[in-house]
Amino acid sequence: MRNKQQTTPWKKLSTLITALVCMTAGALVAAAPANAAASGLLDVTCVPPSSGTTTYTPPLTSTSQVVTSTQQWQFGPCVSTSVPALTSGTVSAVGAPRARSCLELLDSGSATRTIVWNTGQTSTISFNYTTSVAGAVLLFTVTGTVTSGLFAGDSVVATQTGPATDILLCTLGLGQVSSIYGLFTLEITSL
């Protein structure tokens with residue numbers, strides 16, 4: 001009996017300490033989103049059917065040849081907390097002709113593009129990108145910064161996903177890639 005009475009206060013203290021630790025951890029987790037929101041404000045978010053298409057002329061094959069690429073990104077619907085009239089945007093870019101093959105599609109690098117918003121304002125973004133295939137899905141990921149124009153200084157994160165079938169067949173020498181299409185999500189956040 002005596003041992004049970006001596007261990008009971010320790011069990012109660014242990015339970016109390018555990019409860020306090022759990023409540024403190026819960027409070028920290030609950031406060032995390034508020035702290036994250038305080039450190040950055042989501043200025044723009046664009047979701048599908050936002051999309052991007054890159055066209056290759058002539059189509060890419062597994063053998064290197066001189067090819068011209070044309071990119072068209074269509075963002076919308078978009079929502080902006082700081083510019084409520086902003087609802088969509090576009091990017092158009094033509095790459096200089098150069099030797100390419102479909103084997104180069106799954107690479108990484110850096111680029112600069114200018115988004116023209118429906119308000120007439122522009123945002124020039126400089127970014128790093130990676131391209132990969134997961135299963136039969138092509139994943140194009142962009143991380144960068146708005147270097148000039150609307151939202152200058154904000155961070156940029158974008159993801160484009162689409163089918164990878166043509167790319168997979170081309171890298172095996174069994175086809176060609178005339179274009180790549182995928183759905184976009186875009187977030188521009190103040191720092």
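Just a few scattered comments:
- Electrostatic bookkeeping for residue 43 treats Lys and Arg as +1 and Asp and Glu as -1; over the other residues with beta carbon under 9 Å from its beta carbon, the sum is -2.
- What separates the Cα centres of the range 117-191 and the range 49-103 is a distance of 8 Å.
- Ranked order, 123, 132 - accessible area, probe 1.4 Å, largest first: 132, 123
- Shape category assigned to the range 65-156 from the gyration tensor of Cα positions, a/c cut at 1.5: prolate
- Whole-Hz couplings from phi, Karplus 6.51/-1.76/1.60, listed for the range 57-63; x for Gly and Pro: 10, x, x, 6, 10, 6, 9
- For residue 182, the amide hydrogen comes within under 5 Å of the amide hydrogens of 52, counting only partners 5 or more places away or on other chains and with H modelled in the peptide plane.
- Phi-derived couplings, Karplus 6.51 cos²θ - 1.76 cosθ + 1.60 at θ = phi - 60°, listed residue by residue for the range 149-166: x, 4, 6, 3, x, 6, 8, 10, 9, 9, 9, 10, 10, x, x, 10, 4, 4 Hz, with x used for Gly and Pro.
- Counted residue by residue at 0.36 nm each, then reduced by the alpha carbon distance between them, the extension gain from residue 63 to residue 79 reaches 1.5 nm.
- Largest-first ordering by accessible area, 1.4 Å probe, given options 94, 177: 94, 177
- Based on protein heavy atoms only, the range 57-191 ends up with 48 Å² per residue of surface accessible to a 1.4 Å probe.
- Phi angles of the range 175-191 translate, via the Karplus equation with coefficients 6.51, -1.76, 1.60 and θ = phi - 60°, into HN-Hα couplings of x, 9, 10, 8, 7, 10, 10, x, 8, 10, 10, 9, 10, 10, 10, 5, 8 Hz per residue; Gly and Pro are given as x.
- In terms of its alpha-carbon gyration tensor, the range 144-191 comes out prolate; a/c meets the 1.5 threshold, and the first ratio a/b outweighs b/c.
The values are calculated or read from the model by the stated rules, or taken from the named source; none is laboratory data. Being a predicted model, the structure only gives us computed values, none of them experimental. Here the Cβ is made from the backbone with ideal geometry for all residues, glycine too, and neighbour counts use every protein chain on show. Remember, those area values only see protein heavy atoms, side chains included, never the ligands or the DNA or RNA. Shrake-Rupley method; radii C 1.70, N 1.55, O 1.52, S 1.80 Å.
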